[in-house]
1. What are the GluC sites (Glu not before Pro) within the range 29-103 that DSSP puts in a loop, where the Cβ has at most 14 other Cβ atoms within 10 Å?
2. Counting only protein heavy atoms and using a 1.4 Å probe, what share of the accessible area of the range 23-100 belongs to carbon plus sulfur, as a whole percent?
3. Straight-line reach from K108: which lysines have a Cα under 18 Å away, not including same-chain ones fewer than 8 places off?
4. On alpha carbon coordinates alone, what is the Rg over Rh value for the range 40-93, Rh being the Kirkwood radius?
Amino acid sequence: MKLLWGLVVILTLFFVVNSAPPTCYSRVLHLNKEIMESMEKLQKYQRTKHCVEVLPKMYLDIHNSCVMAKLRDVMYILENLPIPQCREKPRIIGLKRKIRSLYTIINKVCYRDLVFFTDDCDALETGESTPRHGEEQLQLLIER
């Protein structure tokens, strides 16, 4: 009986822990991953390949302070695609929604909750980030 009671308690705790609502940060990470996967799929599919050729290369990093400007630029390009038929494709519309949602969450919901570790705007296009070292920043502050 005690073994059965212990099993029920453990299973209940397991379900309670797994049912916790996502945090702002986890939601941003999840959307970031979804957007990157959608971009890759759109670039591979023949029906949408020509639509996304006008988009700049994008490697989203939510810890980069330039991510908001990049999201804004990509949203503008997606809303004003040169080929009207591309604007109405369901996958393009879905990508726009995801990007707009990520932008809104970072800008309004997670305002001041996210920490930006870098301000390397080129890293969002190349995918290669140069880490910012604290000692170098401290030295720059001391020299001023």
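The values are calculated or read from the model by the stated rules, or taken from the named source; none is laboratory data. Keep in mind the model is a prediction, meaning the values are calculated, not measured. Don't worry about glycine lacking a Cβ; one is built from the backbone with ideal geometry, like all the others, and counts go over all protein chains shown. Accessible surface is based on the protein model in full, side chains and every heavy atom, while ligands, DNA and RNA are left aside. Shrake-Rupley method; radii C 1.70, N 1.55, O 1.52, S 1.80 Å.
1. On the way: sites: E34, E37, E40, E53, E79, E88; in loops: E88.
Those satisfying the criteria are E88.
2. Looking at the range 23-100 in its full context, I get 52 percent from C and S.
3. The reachable lysines, counting only those whose Cα sits under 18 Å from K108, are K70, K96, K98.
4. Details: Rg = 11.8 Å, Rh = 11.9 Å.
When Rh is taken as the Kirkwood radius, the ratio is 0.99.
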